[in-house]
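Student: Pasting a structure below so you can have a look.
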Amino acid sequence: MRRTGLCLIFAFGIVPLIQGQQNADQPGALSNEVLKYVRVQASKVILTHVRVIDGTGRAAVDDQNLVIESGKITAIQPGADVAAEKDAKVLDLHGYTVMPGIVGMHNHLFYAARPNLDSQWHGDPPALLPQMTFSAPRLYLAGGVTTMRTTGSVETYTDLNLRREIDAGHLPGPHIDVTGPYLEGSGSYFIQMHELKDADEARQFVDYWADRGVTSFKAYMNITRAELKAAIDEAHKRGIKVTGHLCSVTYREAAELGIDDLEHGFFKNTEFDPGKKPDVCSEGNGKPTLERLAPESAEAKDLINTLVKHHVAVTSTLPVFESGGMPGRPPLRQAMLDALSPQAREAYLYRRQRPPNLQTSGPASGDSTDLIKQDMQLEHAFAMAGGLLLAGPDPTGNGGVVPGFGDQREIELLVEAGFSPVEAIKVATLNGAVYLGKQDQIGSVAVGKNADLVVMKGDPSTKISDVENVEIVFKDGVGYDSEKLLESVRGRYGEY
Ligand SMILES: [Zn+2]
């Protein structure tokens, strides 16, 4: 034991575990570590001549001036040249667009690894979820995500402490809704998840983690109806919402039990899977049900009505399905490949090139282009019927879905699903804020709201791929340099 202790002291030397903490003595002050990534900070910031996509689904408005003071948006006016003022920073943003910070609703802080994966798509068990405490928050912020839900945690104490360190200004990253450890029943695919034994334990689990500070929960594939019901009731007593990546419990059952949100669009409903037994995940894992739910069918309409009537949100996670099920997609992005560790990059390229006879495995895999298109239509129909559709990338695709880059890709795929660009941006911004009950503070570009904003070159309202051209991300009125954040994690995602 003594030897381990000495090694740790040696390893870290006199470098504090959290760099720059000693420089952030004043409350609210940013540490030197965070200041390295700050491009714009002033008591008053004026963005001039910028196109505004406000996040409400309204059309973009060209040539606006937007004023930020004390972390809030204090004015939005017709574009005009502004003379330099003392203590004010003026940015000329001709040719740029500003939109609300992304509210990422399926944004893990871990990577999905298959140990010793090779070109024949063979790996050794167990599948693992290594924690990405260093790289993921930086990638999210660099990509325009200013608020995120972890949507299931494997290192919950780490996630809680990370939230504290980001909020204190000691580390760069978005605001975080920390989800507790997965509420999972027996027979879990993942060795890192606890398996609940009954409803009583589900209640204890919710109480324990709510007392530690988690602000949301997620049920997983093998939970029973009784455990789910107990967890939902206990969480709701404390004002905390519950989402689920389900299989053992159908969407209809979960809606009737009072769940608040369902992950992965319409992929994980098992209502019509052949041989589905109550409380047990089906062999088909939702695929037969999705195949049957043609958007015009009576079954689909009835399901959508049930979800809307029970105020159940649905989270779209299209990038993880695209990466797993659509050959040759998504288009390779050099900046994304650069973010990956050598091993993660290798795993990703193996995945892209895997022999056609080899199926992917795991809880979010093996879906075909046709099924993904069917899900896209259902997600669009759900939103058109008044359902609250949320967005997140689910970065578990063996390097194919990367924090931040995946959030941008999700917006592009929502456009492919039938949303207009400004509607897709609303799904990824204001809708998440509404779900979190934070729509008065974040989620749209409006006077009085927090200045959580993404500045990008071009015009995503006419060319959605311009959402990739992020240059500055404002969080609470401080403008972070996207490129510098990316540079700091180059080659690290997949490692730590
Ligand atoms: Zn996930």
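The values are calculated or read from the model by the stated rules, or taken from the named source; none is laboratory data. Only a predicted model underlies this, so the values are computations on that prediction, with no experimental measurement involved. Methodologically, a virtual Cβ is constructed for each residue, glycine included, from the backbone with ideal geometry; neighbour enumeration extends over all protein chains shown. Quick note on the areas: whole protein, heavy atoms, side chains included, nothing else; ligands and nucleic acids left out. Shrake-Rupley method; radii C 1.70, N 1.55, O 1.52, S 1.80 Å.
Student: Could you sort out which of Lys229/Lys438; Lys197/Lys268; Lys218/Lys268; Lys373/Lys438; Lys36/Lys86; Lys86/Lys484 sit more than 21 Å apart by Cα distance in this structure? Mind dumping the intermediate values first?
Tutor: Working: Lys229/Lys438 26 Å; Lys197/Lys268 23 Å; Lys218/Lys268 14 Å; Lys373/Lys438 32 Å; Lys36/Lys86 23 Å; Lys86/Lys484 27 Å.
The answer is Lys229/Lys438; Lys197/Lys268; Lys373/Lys438; Lys36/Lys86; Lys86/Lys484.
Student: With r as the distance between the Cβ atoms of Ala226 and Lys36 and R0 = 56 Å, compute the FRET efficiency 1/(1 + (r/R0)^6) and round to 0.05. Don't jump to the answer; show the numbers that get you there.
Tutor: Details: r = 50 Å, r/R0 = 0.90.
Efficiency, rounded to the nearest 0.05: 0.65.
Student: Now, a different point. What's the angle, to the nearest 10 degrees (0 to 90), between helix 225-237's Cα axis and the longest principal axis of the chain?
Tutor: Around 30 degrees separate the two axes.
Student: How far apart, in nm, are two points set 7 Å out from the Cα along the Cα-to-Cβ line at Lys86 and at Asn161?
Tutor: Distance between label points: 4.5 nm.
Student: May I ask you to give the solvent-accessible area per residue for the range 40-96, in square angstrom, as obtained with a 1.4 angstrom probe?
Tutor: Numbers: 2890 Å² over 57 residues.
Here the per-residue accessible area is 51 Å².
Student: I would also like to ask the following. Of the heavy-atom accessible surface of the range 219-343 (probe 1.4 angstrom), what whole percent is carbon and sulfur? List each step's numbers first, then the result.
Tutor: Working: 2500 of 4650 Å².
That share works out to 54 percent.
Student: Oh, and also: What does the helix-only formula give at 222 nm for the chain: each DSSP H stretch with n ≥ 4 adding -39500 (n - 2.57), the total divided by the residues, and the result rounded to the nearest 500 deg cm²/dmol? Let's see the in-between values first.
Tutor: Details: 17 runs with 162 residues, N = 496.
Helix-only estimate at 222 nm: -9500 deg cm²/dmol.
Student: What is the Cα centroid distance between the range 128-170 and the range 214-238, reported in whole angstrom?
Tutor: The range 128-170 and the range 214-238 have Cα centres separated by 22 Å.
Student: Please give the length that would be gained between Asp440 and Lys72 if that part of the chain were fully extended, namely 0.36 nm times their separation in residues minus their C-alpha to C-alpha distance (nm, one decimal). Walk me through the numbers on the way to the answer.
Tutor: Values: separation 368, 0.36 × 368 = 132.48 nm, distance 1.19 nm.
Difference between extended and current length: 131.3 nm.
Student: Let me ask something additional. Using only Cα atoms, tell me the angle between helix 199-212 and the longest principal axis of the chain; keep it within 0 to 90° and round to the nearest 10.
Tutor: Tilt of helix 199-212: around 10 degrees.
Student: Right, another one. In the neighborhood of Gly286, defined by Cβ-to-Cβ distances under 11 Å, what is the net charge if each Lys or Arg adds +1 and each Asp or Glu adds -1? Working shown, then result.
Tutor: On the way: positive: Lys268, Lys276, Lys287, Arg292; negative: Glu271, Asp273, Glu283, Glu291, Asp367, Asp375.
Taking every other residue near Gly286 into account, the sum is -2.
Student: Sticking with this structure for a sec: Check cross-link reach from Lys276 to the aspartates and glutamates: straight Cα distance under 16 Å, and skip same-chain residues fewer than eight apart.
Tutor: Excluding near neighbours in sequence, the set is Glu253, Glu291.
Student: Another question, if that's okay. Rounded to the nearest 5, what is the percent of antiparallel bridges among the DSSP beta bridges in the chain? Don't skip to the answer; put the middle values down first.
Tutor: Values: 30 of 60 bridges.
Given both bridge residues lie in the chain, the antiparallel proportion sits at roughly 50 percent.
Student: Further question: What accessible area per residue, rounded to a whole number of Å², is obtained for the range 247-337 using a probe radius of 1.4 Å?
Tutor: Per-residue accessible area for the range 247-337 comes out at 38 Å².
Student: For Asp207 and His194 in one chain, what is 0.36 nm times their gap in residues minus the Cα-Cα distance, to one decimal in nm? Mind showing how you got there, number by number?
Tutor: Values: separation 13, 0.36 × 13 = 4.68 nm, distance 1.53 nm.
Separation in residues times 0.36 nm, less the Cα-Cα distance, equals 3.1 nm.
Student: Cβ under 13 Å from Lys309's Cβ, Lys309 left aside: what net charge do those residues give with Lys, Arg +1 and Asp, Glu -1?
Tutor: Details: positive: Arg252, Lys301; negative: Glu256, Asp302.
With Lys, Arg at +1 and Asp, Glu at -1, the neighbours total 0.
Student: Using only Cα atoms, locate the centre of the range 312-334 and the centre of the range 188-211, then give the distance between them in Å, rounded to an integer.
Tutor: 29 Å
Student: Now a separate question. For Val280, project a label point 7 Å along Cα to C-beta. Then give me every residue of the range 224-239 with its amide nitrogen under 18 Å of that point.
Tutor: 224-227
Student: At a Förster radius of 45 Å, what calculated FRET efficiency corresponds to the Cβ-Cβ distance of Asp63 and Glu256, to the nearest 0.05?
Tutor: Rounded to the nearest 0.05, the efficiency is 0.35.
Student: Note down the net charge around His245, summing +1 for each Lys or Arg and -1 for each Asp or Glu among other residues with Cβ under 12 Å from its Cβ.
Tutor: Taking every Cβ under 12 Å from that of His245, the sum is -2.
Student: Order these peptides, 409-419, 70-80, by their mean beta-carbon neighbour count within 10 angstrom, highest first.
Tutor: Working: 409-419: 23.2, 70-80: 14.5.
Final packing ranking: 409-419, 70-80.
Student: Specify the angular offset, from 0 to 90 degrees and rounded to the nearest 10, of the alpha carbon long axis of helix 298-309 from the longest principal axis of the alpha carbons in the chain.
Tutor: 50 degrees
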